[in-house]
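Student: First, the structure itself, so that you have it in front of you.
The values are calculated or read from the model by the stated rules, or taken from the named source; none is laboratory data. It should be emphasised that the depicted structure is a prediction, and the values quoted were computed from it without experimental measurement. Neighbour counts are summed over all protein chains in view; Cβ atoms, including those assigned to glycine, are modelled from backbone coordinates with ideal geometry. Note: areas computed on protein heavy atoms with side chains; ligands, DNA, RNA excluded. Shrake-Rupley method; radii C 1.70, N 1.55, O 1.52, S 1.80 Å.
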Amino acid sequence: MSGKSKTGHELNELLERGEISPEAYAEYADSTPHTRVESAMFDHLTLRVGDLETVDAAFTAMLAALEIEQTASTPSLSVWGNFALTQSDDAHPIARRAHIAFVAPTPAHVERFWQAGIDAGFTDNGTAGPRPDYADDYYAAFLQDPAGNNFEAVYRDGARPKGSIDHVGLRVHDVEASAAFYSTIAATAGLTLRRQASDRASFTVGRSEGVLSVVAGEPTENVHIAFSGNDDDVRRFHADATAAGYRSNGEPGERARYHDGYYAAYVLDPDGNNIEVVNHHR
């Protein structure tokens, strides 16, 4: 891609021809120059789904209820800030058993999110209400899709993470092994281990109050999570992970097919989820 900002039409054509990734599109599908928010907890997170048209309609309603605007939509990709859905194919199966919580401005927004999801055909996984077991000010609702993905809207008092996503949970085969992986990449992905037990571990992300958790259970599958970093972070992320025996899914380098200056590397976590550190040079 050229150094100039692409229009939405140009980006749509690039995506459909396979010349830009869904992840890059999620960050750059805008007709104006993109400025990345460094304090957002995730650079981007992408789930693949089997019927994008149907799921897009559901999330359009659910996230509108939280005042989260859709920032891009094509036949193969839907984007809301740093959260994206993309169409699955034979080489890229659907995501399963992820937990994604979205920021809600008020408890009333949580209630509207839950009702919009029920109206769209999602399964109730916890009606809107206080969750004092989590925190005194925690007000949330939960919905589940047919692939076992759990979607939450959560309101809490005080400062919240920037971006669409409040926190992410991954179910894992081996908590100790997963915690070791995310501890290995912690310095370069902006993660800090907050607590660890036999059945779960949690990391704060960047300067936000957001959290990435790994929890024992039938593993989450086919999720893509990207963290922000500089070029040295990208290189060290890949070097540290591969030196520790984790599988590379893309060596450090510029991905000009996404946009000029897109410098990233990719590694698979112990359950096969695609983890990235990226510097957009924007």
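Student: Of the residues that sit in segment 153-181 and are over 17 Å from residue 104 (Cα atoms) and aliphatic (A, V, I, L, M), which one is surrounded by the most Cβ atoms within 10 Å (Cβ to Cβ)?
Tutor: 172
Student: Here is a further query. I'd like to check which strands (runs of 3 or more DSSP E) are fully inside segment 211-282 and have at least 3 residues that are touching a residue at least 24 places away in the same chain (Cβ under 8 Å), surrounded by 16 or more Cβ atoms within 10 Å (Cβ to Cβ) and among the aliphatic types (A, V, I, L, M).
Tutor: Values: elements: 211-216, 223-228, 248-254, 263-268, 274-279.
It comes to 211-216, 223-228, 263-268, 274-279.
Student: In addition: With the checklist (1) in contact with a strand residue (DSSP E or B) (Cβ under 8 Å, 6 or more places away or on another chain); (2) modelled with pLDDT of 95 or more; (3) not aromatic (Phe, Trp, Tyr) in hand, flag the one item residue 245 doesn't pass.
Tutor: Going through (1) in contact with a strand residue (DSSP E or B) (Cβ under 8 Å, 6 or more places away or on another chain); (2) modelled with pLDDT of 95 or more; (3) not aromatic (Phe, Trp, Tyr) one by one, residue 245 breaks only (1).
Student: Continuing with this model, one more query. Here's a check for you: in segment 64-103, which residue that is assigned to a loop (DSSP other than H, G, I, E, B) and of a type in the set (Val, Ile, Thr) is nearest to residue 130 (Cα to Cα)?
Tutor: From segment 64-103, those assigned to a loop (DSSP other than H, G, I, E, B) are 65-71, 75-76, 81-82, 88, 90-91, 93-95, 97; that's our starting set.
Going one step further and asking which of them are of a type in the set (Val, Ile, Thr), we end up with 68, 71, 94.
Details: 68: 22, 71: 30, 94: 32 Å.
The selected residue is 68.
Student: Here's a follow-up. With respect to the numbered conditions (1) out of contact with any helix residue (DSSP H, G or I) (no Cβ under 8 Å at 6 or more places or on another chain); (2) over 16 Å from residue 223 (Cβ atoms), which one is the sole condition not fulfilled by residue 149?
Tutor: (2)
Student: Still on this structure: Find all pairs meeting these conditions: Cβ atoms under 8 angstrom apart; at least six residues apart or on different chains; first residue within segment 67-92 and under 21 Å from residue 116 (Cβ atoms) and touching a residue at least 12 places away in the same chain (Cβ under 8 Å); second residue hydroxyl-bearing (Ser, Thr, Tyr) and assigned to a loop (DSSP other than H, G, I, E, B).
Tutor: 68/164; 79/71; 80/71; 80/164; 81/71; 81/164; 82/164; 83/164
Student: Report those strands (runs of 3 or more DSSP E) wholly inside segment 126-209 carrying at least 1 residues which are in contact (Cβ under 8 Å) with a residue 40 or more places away in the chain.
Tutor: Details: elements: 139-144, 150-155, 165-172, 191-196, 200-205.
Where strands (runs of 3 or more DSSP E) fall fully within segment 126-209 and carry at least 1 residues being in contact (Cβ under 8 Å) with a residue 40 or more places away in the chain, they are 139-144, 150-155, 165-172, 200-205.
Student: Do the conditions hold for residue 200, that is, is it open to solvent by 30 Å² or more (accessible area, probe 1.4 Å), within 17 Å of residue 99 (Cα to Cα) and of a type in the set (Lys, Arg)?
Tutor: Values: open to solvent by 30 Å² or more (accessible area, probe 1.4 Å): yes; within 17 Å of residue 99 (Cα to Cα): yes; of a type in the set (Lys, Arg): yes.
Criteria met by residue 200.
Student: Could you please give the count of residues in segment 104-125 that are among the acidic types (Asp, Glu) and not in a helix (DSSP H, G or I)?
Tutor: Let us first name the residues in segment 104-125 that are among the acidic types (Asp, Glu), namely 111, 119, 124.
Adding the requirement that they be not in a helix (DSSP H, G or I) leaves 124.
Selection size over segment 104-125: 1.
Student: Among the residues of segment 100-119, count how many are out of contact with any Phe, Trp or Tyr (no Cβ under 8 Å at 6 or more places or on another chain), touching a residue at least 40 places away in the same chain (Cβ under 8 Å) and open to solvent by 30 Å² or more (accessible area, probe 1.4 Å).
Tutor: So the count comes out to 3.
Student: To continue, here is another question. Restricting segment 219-265 to residues that are among the polar types (S, T, N, Q) and under 20 Å from the mean Cα position of the chain (by Cα), which is farthest from residue 175 (Cα to Cα)?
Tutor: So the first thing to find is which residues in segment 219-265 are among the polar types (S, T, N, Q), and the list is 220, 222, 228, 230, 242, 248-249.
Imposing the further condition that a residue be under 20 Å from the mean Cα position of the chain (by Cα) reduces the set to 220, 222, 228, 230, 248-249.
On the way: 220: 12, 222: 18, 228: 24, 230: 28, 248: 21, 249: 22 Å.
Across segment 219-265, the extreme among qualifying residues is 230.
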